[in-house]
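The values are calculated or read from the model by the stated rules, or taken from the named source; none is laboratory data. This one's a predicted model, so the numbers in the text were calculated from it and none came from an experiment. Cβ sites come from the backbone with ideal geometry, for glycine too, and all protein chains shown count toward neighbours. Keep in mind that these areas ignore ligands, DNA and RNA; they rest on the heavy atoms of the full protein, side chains included. Shrake-Rupley method; radii C 1.70, N 1.55, O 1.52, S 1.80 Å.
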Amino acid sequence: MSKSMFPKLSEDYAKFKRYVKWLYHLYELNTQIAICEPWEKVFLNVLLGSFVSLILYASFAFVPGYCVTVFQLLWPKSSMHNLTSVCNTSIEGFCGNESGSVIT
């Protein structure tokens with residue numbers, strides 16, 4: 001049983017490698033990076049990677065606080081009479097109605 005598993009595993013791995021290569025070539029063609037020199041490809045890939053990482057960080061750091069604020073504005077708690085009142089249920093300084101950063 002184990003002898004027949006390894007050829008199948010190597011075949012699946014080869015298919016996966018071909019698929020990843022195909023996706024990378026598709027990415028190069030769609031972004032027009034295929035016509036650039038190698039140093040330009042590295043520069044543009046690093047630039048794109050930094051943009052994506054900054055967008056992901058900002059979405060994880062700031063969007064949850066904004067979502068909580070919008071949720072509380074749309075569906076206020078019945079015990080909360082005024083939006084300017086101080087939050088009573090503070091957990092480590094987080095009331096849930098701040099629009100600032102959550103992770104930082």
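Return the residue satisfying two criteria in turn: it lies in segment 58-76 and is touching a residue at least 24 places away in the same chain (Cβ under 8 Å) and of a type in the set (Ser, Thr, Tyr), and of such residues it is most open to solvent (accessible area, probe 1.4 Å).
66
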- Message: Which pairs turn up if I take residues in segment 8-36 that are at negative phi and look for partners that are among the small types (Gly, Ala, Ser) with beta carbon separation below 7 Å, at least 6 apart in sequence or on another chain?
- Response: 28/34
- So which residues in segment 11-33 are of a type in the set (S, T, N, Q) and open to solvent by 70 Å² or more (accessible area, probe 1.4 Å)? 30, 32
- Message: For segment 20-40, which positions are outside any helix (DSSP H, G or I) and β-branched (Val, Ile, Thr)?
- Response: 31
- How many residues of segment 34-45 are closer than 15 Å to residue 24 by Cα and open to solvent by 70 Å² or more (accessible area, probe 1.4 Å)? The answer is 3
